[in-house]
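Working notes for the structure below.
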């Protein structure tokens, strides 16, 4: 029989210690493993990764299928179900609501428009924005979806992925040029991601829109891949301003991470 993985063992231990329901812990663990595997898996794969016996997994999956959170494919494999979409959309909106105080502080301290974005599949989706008080300011509609290769938040998020995963994503989306400054080859983009990791922040320098510069950092330990950014006219978001703004961005990202972690803690 497979050796139980650390996460499934930890889930069982935390359920026992906290008075949780073990079957619920296991069901959510399986859903997360399915998401990590791309959304579709076989029972044997889940058994190997989770360490749970096949009969247990089959029983949990049958329940999830009956609730609409998982669907069984014609090839007998299991895929994440459509009912999860509504939950995800609602959670994304809440995430944006929780982020607004942090973004407001970012605007107050930098003077520029602040955004929060998530990596949703192969796209970047903006979930929150607080606009600058300047008359000339950047505006990105909440809910807008863009490809990651031409955005600061996209670079900040993809910098955390292995290069082969980034190449696969770029192969699926293509790399259309939004401006003459947009990076349009995988090699150039991967080089930019190495620079993001070296510096600890990402820059969109006229790559999404001419005349606009954006600085972005990922939110550490976020429950879903998230990044925050400021954007403004290139004449204001200069190299000199960057040195002042980046430490503020990083500090706000850390505080937002802590706020998101505490919002998920149970109350007694």
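The values are calculated or read from the model by the stated rules, or taken from the named source; none is laboratory data. Quick caveat: nothing in here was measured; it's all calculated off a predicted structure. Don't worry about glycine lacking a Cβ; one is built from the backbone with ideal geometry, like all the others, and counts go over all protein chains shown.
Quick notes on this structure:
- The criterion of at least 3 residues that are exposed (fewer than 15 other Cβ atoms within 10 Å of the Cβ) and assigned by TED's automatic domain parsing to the domain that holds residue 32 is met by none of the helices (runs of 4 or more DSSP H) wholly inside the range 119-224.
- For the range 38-70, a tally of residues being in contact (Cβ under 8 Å) with a residue 12 or more places away in the chain, out of contact with any strand residue (DSSP E or B) (no Cβ under 7 Å at 6 or more places or on another chain) and not in a helix (DSSP H, G or I) returns 6.
- Test result for residue 237, farther than 15 Å from residue 119 by Cβ and either surrounded by 19 or more Cβ atoms within 10 Å (Cβ to Cβ) or modelled with pLDDT of 95 or more (or both): yes
- The number of residues in the range 103-112 being buried (at least 23 other Cβ atoms within 10 Å of the Cβ) and part of a helix (DSSP H, G or I) comes to 2.
- Unmet criterion (only one of (1) assigned to a helix (DSSP H, G or I); (2) closer than 29 Å to residue 141 by Cα) for residue 29: (2)
- Residue within the range 30-41 that is surrounded by fewer than 13 Cβ atoms within 10 Å (Cβ to Cβ) and in contact with a helix residue (DSSP H, G or I) (Cβ under 8 Å, 6 or more places away or on another chain) present: no
- Residue within the range 1-21 that is modelled with pLDDT of 80 or more, assigned to a helix (DSSP H, G or I) and surrounded by fewer than 17 Cβ atoms within 10 Å (Cβ to Cβ) present: no
- Looking only at residues in the range 43-68 that are surrounded by fewer than 18 Cβ atoms within 10 Å (Cβ to Cβ) and within 25 Å of the chain's Cα centre (by Cα), the one that is farthest from residue 83 (Cα to Cα) is 45.
- Test result for residue 216, modelled with pLDDT under 95 and within 25 Å of residue 105 (Cα to Cα): no
- Pair list, Cβ < 6 Å and 6+ apart or interchain, from the range 205-222 residues that are over 22 Å from residue 247 (Cα atoms) to residues that are buried (at least 17 other Cβ atoms within 10 Å of the Cβ): 207/150; 207/182; 208/150; 208/151; 208/178
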